[in-house]
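Taking it in order: structure first as structure tokens, then the write-up.
Since every read-out is calculated from the coordinates, none of them should be taken as a lab result. The shown structure was predicted, so the numbers you read here are calculated from the model rather than taken from an experiment. Ideal geometry is used to build each Cβ from the backbone, glycine not excepted, and the neighbour counts take in all protein chains shown.
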Amino acid sequence: MMNKSCFVLSAVLLVTATTAQAIVDAPSHMDKGAYGQSRPNILFILTDDQRFDDLGCMGNKIIQTPNIDKLAADGVIFNNAFVTTAICCSSRASLIVRDPRLPAELRGTRRDQMVLNIDLAPTMLAMGGAVIPPRMQGRDFGPLLRDESIGWRSEWFYEHTYNTQPPRRPIAKSEGVRTERWKYIRYIERDPLYEQLFDLKSDPGEQRNLATLAEPAGVLADMRARWERLGREAR
């Protein structure tokens, strides 16, 4: 699993989240059909320390990113992209994919499915015609690019277990679960236990912690059960 990351793949695939970029170029004779019919060359260029909305194509009116904006206008934007092991920022991102081999009607469109940074490797392996190892976490999101109707995740497990070395102050270790509506965070080394629960439908800015209130007790119990199950499956 990776730290907060964003990947940009340009020419054949452009993927943009919060912090990194990767560029893919393909000869003109490969620019046809679904990407399963050809093998692109893939080059990664990584950047850091930028939020998902530091791009013009994501609504920023001050920062000018014309090159990425142009790629995004020809690509597919994922509104719900996340990292599974964020360290110094929240696990939120946006994902932009540009593949000139996609048909014109799919360019400049958006997807609401939840994609993760761990989906990038299996997606690029599939693009290159390689076998995805069974032990690899994540899924190929290529069918979503092509707007195919497939079953997709509705929940996923989050963990942050990295820590700093003295004299730096430690970062609290945490695990959690994200569903389409709810976010649950559990600080695993705190005694007494400290939890957070946010209703992203009514509180997208995560300003009101419902874990300490009585009314979402059923939801809290459900999210605790999901945390235990998904964490066991991830390990």
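Quick check on region 140-235: take the gyration tensor over C-alpha atoms, sort the square-rooted eigenvalues as a ≥ b ≥ c, and tell me if it's rounded (a/c under 1.5), prolate or oblate.
Numbers: a/c = 1.97, a/b = 1.32, b/c = 1.49.
It comes out oblate by the Cα gyration axes.
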* To do: With a 10 Å radius around each residue's Cβ, average the other Cβ atoms per peptide and rank 115-124, 71-80, 186-195, highest first.
  => 115-124, 71-80, 186-195
* Asked: How far apart, in nm, are two points set 7 Å out from the Cα along the Cα-to-Cβ line at residue 137 and at residue 70?
  -> 3.7
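R0 = 41 Å: FRET efficiency of residue 232 with residue 203, Cβ-based, nearest 0.05? Kindly include the intermediate steps, with their values, before the conclusion.
Numbers: r = 29 Å, r/R0 = 0.70.
Efficiency for this residue pair is about 0.90.
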